[in-house]
Amino acid sequence: MVQAFKMAKLRLAQVGCGGMGLRHIYGLIELKERGFDTFDLTAICDRHSSTAGHVAKVAEDGLGIKPVIYTDFHDMLDTERSLDAINIVTDTRAHQPFALAAFDAGLHVAVEKPMALTVRACLTMIEAAADSNRILSVSENYRRDPMNRLTKALLKDGIIGDIRLAINISTAGGEDVRQAVAWRHLKNRGGLILEYGVHTSDLTLYFMGDIDRVYAETDLWQKARTMAEPTETLRSFYHHRVKEEIEESIVIQATAEDTGLAVLRFTSGAVGQTTYSDAAPGESLGGDVIYGSEGSLRLPGSRSGNPVRVTLSGRSDPIDEDDLLKEVPGFQLDDVTSRIFGGKDKMSRYNLPFQQPDRKLIAIELQDFADSIVQGGEPEVTGTVGLDALALSYAILESGHLEKPVLFDDVRNDRISSYQHEINESLGI
């Protein structure tokens, strides 16, 4: 029998019931199944009633109570007067206006990554959260993976010595629209380097620390994209989603860069190189390696459960995964993560199908959001942390656009925003 961990139950509404919205419901169900009586999912909202209805049924089956369905966000805010918090899981363009409306209504806000569509939009959200004295939590899940927690501990304890170099490569090709969702290829609604790159940006900052400057080259190679069915795993999350008008066409015209290559200089003195492309046909390539003065550390891949690979100087084989835990005797997962992953306080690998770690990491971030509200602290991924990850992705795009290096602080403080200018105009900010 799962023990229940009591805390004040928070009345939560969720806006956005597409693929990611459904995954957040699975995260809430995971919390309940692990004994966390955290949220009362009072209402959900999506502009398509059929989409909301599907997600409401999943919520009812897993949580025992069917949330009230709305198709208008402001109608939901006006009607549900007893809410404590809003979980925003829409496409990125809606993040900022919905967050501002929620803060104005006196609600705490969790928002999916990327935090907003531009740096300027993020800054308005941070200001609104402060003015309303409410929590702003950004749902960045990769860092919460137990393998990434172990990686952080190993680097902090100096297992590979002084960090010198970080390499990140993710290249793949094809003409398909990613996840059969066209807006991911449109500049004024996000684009691949922002939508997918922000995960890498957050992990880069989490592992490597602050960035001084960025020099990048960017391009849009695959201008025509073909609508196609997503993979079986993604289809299980997205099959209920109603297509947008643009997705009724066989071919859509991409407007956002699909390729970025950047050199990063960290304030620590270390350097990094990151390459992302979704327009690289043929052989795909991927990997993350951090090099130090005494060896290397290869990241396992978030939600894979694979072990961290540490290879020390002068050795051809990596340290055995079980011996890695002996290198960081003080390492221990936080209480929530331990409970979500079956009660283990440390681990060097796990073997779970993708859907399981996916919902577990969402559960952990939602519990962190709840704890920050109830206990009066800050969530791990505050608005400032979310802004930093977004600003790194935009530093790459701004540098590529300007064809020169940019200082990270100039981008994160909205002093450099040439690439973002037309996006800000489209948002009216």
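Per-structure values
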{"quantity": "The chain - percent of accessible surface contributed by carbon and sulfur, probe 1.4 Å", "calculated": "47 percent"}
{"quantity": "Estimated vicinal HN-Hα couplings, Hz - the range 137-143 in sequence order (Karplus 6.51, -1.76, 1.60; Gly, Pro = x)", "calculated": "10, 9, 7, 9, 9, 4, 4"}
{"quantity": "Overall form of the range 307-429 per C-alpha gyration tensor (a/c, 1.5; a/b vs b/c)", "calculated": "oblate"}
{"quantity": "Calculated FRET value between GLU294 and THR233, using beta carbons and R₀ = 51 Å, to 0.05", "calculated": "0.85"}
{"quantity": "Cleavage-rule hits (GluC sites (Glu not before Pro)) in the range 227-257: DSSP loop, at most 13 neighbouring Cβ within 10 angstrom", "calculated": "GLU244"}
{"quantity": "Cα gyration tensor, the range 95-238 - rounded (a/c under 1.5), prolate or oblate", "calculated": "oblate"}
{"quantity": "Eligible lysines near LYS187 by straight Cα distance, threshold 23 Å, same-chain separation 8 or greater", "calculated": "LYS113, LYS223, LYS243, LYS404"}
{"quantity": "The range 215-267, relative contact order [Cα under 8 Å, separation at least 6], %", "calculated": "64 percent"}
{"quantity": "Solvent-accessible heavy-atom area per residue, rounded to whole Å², over the range 279-327 at 1.4 Å", "calculated": "56 Å²"}
{"quantity": "Computed helical MRE - 222 nm, the chain, DSSP H runs ≥ 4 contributing -39500 (n - 2.57), nearest 500", "calculated": "-11500 deg cm²/dmol"}
{"quantity": "Diffusion coefficient, µm² s⁻¹, Stokes-Einstein with Kirkwood Rh over alpha-carbon pairs of the range 231-354 at 4 °C and 1.567 mPa s", "calculated": "68 µm²/s"}
{"quantity": "Value of relative contact order over the chain, rounded to a whole percent, pairs C-alpha under 8 Å and six or more apart", "calculated": "21 percent"}
{"quantity": "Reciprocal of mean inverse Cα separation for the range 1-128 (Kirkwood radius, Å)", "calculated": "14.8 Å"}
{"quantity": "Proximal lysines to LYS152, defined as alpha-carbon separation beneath 16 angstrom and excluding residues fewer than eight positions away on the same chain", "calculated": "LYS326, LYS346"}
{"quantity": "The chain: antiparallel DSSP beta bridges as a percent of all, rounded to 5", "calculated": "55 percent"}
{"quantity": "Rg/Rh for the range 78-144, where both radii come from Cα atoms and Rh is the Kirkwood radius", "calculated": "0.95"}
{"quantity": "Partner lysines for LYS32 [C-alpha distance under 20 Å; skip if fewer than 8 residues away on the same chain]", "calculated": "LYS6, LYS9, LYS57, LYS66, LYS344, LYS360"}
{"quantity": "For the chain: span of alpha carbons on each principal axis (Å, largest first)", "calculated": "64, 52, 43"}
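The values are calculated or read from the model by the stated rules, or taken from the named source; none is laboratory data. Nothing here was measured: the structure is a model prediction, and the numbers come from that model. Note that we place each Cβ from the backbone using ideal geometry, even for glycine, and neighbour counts take in every protein chain shown. Surface areas here come from the heavy atoms of the whole protein model, side chains and all, with no ligands, DNA or RNA. Shrake-Rupley method; radii C 1.70, N 1.55, O 1.52, S 1.80 Å.
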